[in-house]
Amino acid sequence: TAQNRSFIFFKELDAGNDRDGPIGAADIPLLPGRSLAIDQTQHVYGVPIWLNTPDPVGDREASTGRLMVAHDTGSAIKGPQRGDIYVGSGERAGLIAGRIQSPARMVILVPKP
């Protein structure tokens, strides 16, 4: 079976809202399926990013596109075209996260000046 060899450590906090995820590097709760960890030397937190990637949950041949927001970073995420999708917590999320290892297309959305 495929395994993700990365380990992530979080600081334990008192539970707030059941929908609140762990606090990311941008100092806000991570949102399952919407928060993206990026290389902070390449991108700024809070930037919207359109992500096209194979569907990690269903048909691996199908493509899915979604708007993500740069909320976090990670030590293994290096370069402008690297990212890590936060899929939530729990056993099901762990199984999904372990399957994500696909090329993707990231489009940074920048407002007009």
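What the table below lists for this structure:
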quantity: Failed item in (1) open to solvent by 100 Å² or more (accessible area, probe 1.4 Å); (2) at pLDDT below 85, with G90 passing the rest; calculated: (1)
quantity: Conditions (1) surrounded by fewer than 17 Cβ atoms within 10 Å (Cβ to Cβ); (2) at pLDDT below 85; (3) at negative phi; number of the one not met by V47; calculated: (2)
quantity: One residue from S63, S75 being among the polar types (S, T, N, Q) and under 24 Å from P22 (Cα atoms); calculated: S75
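The values are calculated or read from the model by the stated rules, or taken from the named source; none is laboratory data. Every value quoted in this text rests on a predicted model; they were computed, and no experiment measured them. Counting neighbours? That spans all protein chains shown, and the Cβs are built from the backbone with ideal geometry, glycine included. Accessible surface is based on the protein model in full, side chains and every heavy atom, while ligands, DNA and RNA are left aside. Shrake-Rupley method; radii C 1.70, N 1.55, O 1.52, S 1.80 Å.
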